[in-house]
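Asks: Shown below is the structure under consideration.
The values are calculated or read from the model by the stated rules, or taken from the named source; none is laboratory data. All values reported here derive from a predicted model rather than from experimental measurement. Cβ atoms come from the backbone with ideal geometry, glycine included; neighbour counts cover every protein chain shown. Accessible surface areas use protein heavy atoms only, side chains included; no ligands, DNA or RNA. Shrake-Rupley method; radii C 1.70, N 1.55, O 1.52, S 1.80 Å.
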Amino acid sequence: MSYLVLARKWRPKTFADVVGQEHVLRALANALESDRVHHAYLFAGTRGVGKTTIARILAKALNCEAGVSAEPCGRCDSCTAIDEGRFVDLIEVDAASRTKVDDTRELLENVQYTPAAGRYKVYLIDEVHMLSRSSFNAFLKTLEEPPAHVKFLLATTDPQKLPVTVLSRCLQFNLKRLPVALIEQRMQQICAAEGIDAEPGALARLARAADGSVRDALSLLDQALAFGGGGLRDADVASLLGTLDRGQVLGLLDAVAAGDANVLLERIAALDEDVPDYERVLDDLATLLQRVAVAQLAGAEAVAGEDGGEILQSLAGRLQPAQVQLYYQVAITSRRDLSLAPEPRLGFEMALLRMLAFRPAPDDAMPKAGAPRRLSQAAARRQQSPPATTASPAAPGGSAAGVADWPALVTDLGLSGALRTLADNCELVEATDEQLHLRLARRNAHLATRRLKERLTERLRERFGAGVKVRLELVEEAGETVADRAARAERERERQMREQLGNDPEVRELVDSFDAELAQESIRPIDAGRGPASD
Ligand SMILES: [Zn+2]
């Protein structure tokens, strides 16, 4: 006996065998059980989702010798004849090959005659949208007043191409693409029944590649079995499909998350040795990013059992949700534009480098070596503080009474860290030989810890002598301090940069092609020395 391809061998013979499409099956079963079957049905949906399969089962349900029901017997002459494709009253037409009006006329000539063997004459017209306009017109007359013994079952991948006059005379069912899990489950059943030893990863990979179609999944399964000599190993399936090991793709994301361009390029080079189908790799990348997003929103458990679950969880912790969304967008737009790239590999590499380039301000994520880095606020302030006057504000050992320029003194003292922040937020009220009187706004009181106050006093005494006292007064509102001035300058710079970026033609193009928005709050000067404010 010749080998029967799995898709045909396992084609569902009853409504109960059909995977998914419950909404359609229930409606049909109700119609059959209550004897209210419409005279024309339109099954719409992408390829391989079960349009003609369901139509054939419906033809069987209408013609089963045991009576019209949602559960045809499958054993009578009518049922077996339909299963074997030799039932005289089921007329199957592929509209794609018979588009001419004469074909349609010829087909419809026999509509008036009663069925030869069954209860109903069933016309199953596949890809019905391919009929010509005049064919539709010829067809319409019959569709308007069909004989009681005729049922039309139309199938199409493109219902929008059907004339409204035809659509309005049909009961339309939209068949859905099947979820990956359902396809995988179906393949597991079939493998178990066929005694095929399949690695779970291999089936999951095939199910994803099938793009919502059980038929495609089973065709791929056939190919994979031929390729693997009867067994089904994940690695074989991966190379058959031109997809990669999930770990390899996760490795790329891992390098992107770490902001490590060198490792990323190394991994791309290693991956290129397998000559992968880059479109599929971008698909895989998008799929993984979707899983990361799920882990971020639904919790790590949501991806716990998956292949590479631990890395997914780690990525969920290391990437920000907005980053994941952006990377996903980059993956799918790059996939779309891959054919425009000089070479697929270059297009792929650009996609990953683009992900690397679009990273949030490191302030909000973990700063990574080599990533664009914003100067710490303290450092920025230091750079923006007015330069010390040429005359030293107070020479070592000089008198505290001579201090007039507090910011210059702070710079001159070389304070850093938290101590510097405290000093920058203070305002000098009065300086005498005995005492330096400073003010600090109450909202900044947290800066003045006891330890920092002691250290500030210590540093000032080193300069002006052990006798000098430091009085730090908390007030509701201090005058403009160094910190305030720096913050104001920085705000102004940020405003200018946003304006500049918003008008930048390259940025505009990015915004347009990715349907993006500039995250205003993420725009920050990365180098205080080169910002527009210092031009
Ligand atoms: Zn039957």
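Asks: Quick one: residue 114 ticks every box in (1) within 16 Å of the ligand (Cβ to nearest atom); (2) open to solvent by 50 Å² or more (accessible area, probe 1.4 Å) except a single one, so which number is it?
Replies: Every listed condition holds for residue 114 apart from (1).
Asks: With respect to residue 196, is the statement that it is closer than 14 Å to residue 10 by Cα, more than 25 Å from the chain's Cα centre (by Cα) and crowded, with 16+ Cβ neighbours inside 10 Å true?
Replies: no
Asks: Also: Can we say residue 188 is open to solvent by 40 Å² or more (accessible area, probe 1.4 Å), polar (S, T, N, Q) and over 28 Å from residue 318 (Cα atoms)?
Replies: For residue 188, the condition - open to solvent by 40 Å² or more (accessible area, probe 1.4 Å), polar (S, T, N, Q) and over 28 Å from residue 318 (Cα atoms) - is met.
Asks: Right, here's the next one. Answer yes or no as to whether residue 124 is over 28 Å from residue 79 (Cβ atoms) and open to solvent by less than 30 Å² (accessible area, probe 1.4 Å).
Replies: For residue 124, the condition - over 28 Å from residue 79 (Cβ atoms) and open to solvent by less than 30 Å² (accessible area, probe 1.4 Å) - is not met.
Residue by residue, here is whether (1) within 25 Å of residue 401 (Cα to Cα); (2) of a type in the set (Gly, Ala, Ser); (3) in contact with a Lys or Arg (Cβ under 9 Å, 6 or more places away or on another chain); (4) at pLDDT 80 or above holds:
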{"residue": "467", "(1), (2), (3), (4)": "yes, yes, yes, yes"}
{"residue": "474", "(1), (2), (3), (4)": "yes, no, yes, yes"}
{"residue": "478", "(1), (2), (3), (4)": "yes, yes, yes, no"}
{"residue": "500", "(1), (2), (3), (4)": "no, no, no, no"}
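Asks: Please verify whether the stretch 319-333 includes one or more residues that are without any contact (Cβ under 8 Å) to a residue 60 or more places away in the chain, open to solvent by 80 Å² or more (accessible area, probe 1.4 Å), among the polar types (S, T, N, Q) and in a helix (DSSP H, G or I).
Replies: yes
Asks: Name the single residue, out of those in the stretch 461-506 being open to solvent by less than 40 Å² (accessible area, probe 1.4 Å) and part of a loop (DSSP other than H, G, I, E, B), that is nearest to residue 411 (Cα to Cα).
Replies: Among those that are open to solvent by less than 40 Å² (accessible area, probe 1.4 Å) and part of a loop (DSSP other than H, G, I, E, B), it is 481.
Asks: Now for a different question. For the stretch 56-69, which positions are touching a Pro at 6+ places or on another chain (Cβ under 6 Å) and near the ligand (Cβ under 6 Å from one of its atoms)?
Replies: Hit for the stretch 56-69 is 64, nothing else.
Asks: Before we move on, is residue 56 closer than 24 Å to residue 222 by Cα and out of contact with any helix residue (DSSP H, G or I) (no Cβ under 7 Å at 6 or more places or on another chain)?
Replies: no
Asks: Next question. Among the residues of the stretch 229-245, are any in contact (Cβ under 8 Å) with a residue 60 or more places away in the chain, surrounded by 17 or more Cβ atoms within 10 Å (Cβ to Cβ) and in a helix (DSSP H, G or I)?
Replies: no
Asks: Hey, another quick one. Checking residue 217 against (1) part of a loop (DSSP other than H, G, I, E, B); (2) surrounded by 14 or more Cβ atoms within 10 Å (Cβ to Cβ); (3) of a type in the set (Gly, Ala, Ser), which test does it fail?
Replies: All conditions are met except number (1).
Asks: What single numbered condition from (1) at pLDDT 75 or above; (2) under 20 Å from residue 332 (Cα atoms) fails to hold for residue 515?
Replies: Condition not satisfied by residue 515: (1).
Asks: Looking only at residues in the stretch 70-110 that are within 9 Å of the ligand (Cβ to nearest atom), in a loop (DSSP other than H, G, I, E, B) and in contact (Cβ under 8 Å) with a residue 12 or more places away in the chain, which one is nearest to residue 150 (Cα to Cα)?
Replies: 72
Asks: If the requirement is being not aromatic (Phe, Trp, Tyr) and not assigned by TED's automatic domain parsing to the domain that holds residue 282, which of these qualifies: 209, 257?
Replies: 209
Asks: Could you tell me whether the stretch 152-162 includes any residue that is assigned to a helix (DSSP H, G or I), closer than 28 Å to residue 85 by Cα and without any contact (Cβ under 8 Å) to a residue 12 or more places away in the chain?
Replies: Checking the stretch 152-162: not a single residue is assigned to a helix (DSSP H, G or I), closer than 28 Å to residue 85 by Cα and without any contact (Cβ under 8 Å) to a residue 12 or more places away in the chain.
Asks: Would you mind telling me which numbered condition in (1) in contact with a Ser or Thr (Cβ under 6 Å, 6 or more places away or on another chain); (2) surrounded by 14 or more Cβ atoms within 10 Å (Cβ to Cβ); (3) more than 15 Å from residue 43 (Cα to Cα) residue 140 fails?
Replies: With respect to (1) in contact with a Ser or Thr (Cβ under 6 Å, 6 or more places away or on another chain); (2) surrounded by 14 or more Cβ atoms within 10 Å (Cβ to Cβ); (3) more than 15 Å from residue 43 (Cα to Cα), residue 140 is out only on (2).
Asks: Also, I was wondering about something else. From the list 43, 15, which residue is under 29 Å from residue 187 (Cβ atoms), within 14 Å of the ligand (Cβ to nearest atom) and open to solvent by less than 50 Å² (accessible area, probe 1.4 Å)?
Replies: The match here is 15.
Asks: Looking at the structure I just gave you, is residue 207 of a type outside the set (Lys, Arg), touching a residue at least 24 places away in the same chain (Cβ under 8 Å) and within 19 Å of residue 181 (Cα to Cα)?
Replies: yes
Asks: Within the stretch 271-289, how many residues are in contact with a helix residue (DSSP H, G or I) (Cβ under 8 Å, 6 or more places away or on another chain) and open to solvent by 40 Å² or more (accessible area, probe 1.4 Å)?
Replies: Number satisfying all stated conditions: 7.
Asks: Going through 153, 206, 178 one at a time, which residue ends up being under 30 Å from residue 4 (Cα atoms) and touching a Phe, Trp or Tyr at 6+ places or on another chain (Cβ under 6 Å)?
Replies: 153
Asks: Which of the residues spanning the stretch 69-105 are under 25 Å from residue 17 (Cβ atoms) and open to solvent by 50 Å² or more (accessible area, probe 1.4 Å)?
Replies: Residues satisfying the conditions are 71, 75, 77, 83, 84, 85, 86, 88, 92, 94.
Asks: Take the conditions away from the ligand (no atom under 16 Å from the Cβ) and basic (Lys, Arg) and apply them to residue 36. Does it pass?
Replies: yes
Asks: Also, I was wondering about something else. If we scan the stretch 125-139, do we find a residue that is aliphatic (A, V, I, L, M), outside any helix (DSSP H, G or I) and within 26 Å of residue 167 (Cβ to Cβ)?
Replies: Checked the stretch 125-139: at least one residue is aliphatic (A, V, I, L, M), outside any helix (DSSP H, G or I) and within 26 Å of residue 167 (Cβ to Cβ).
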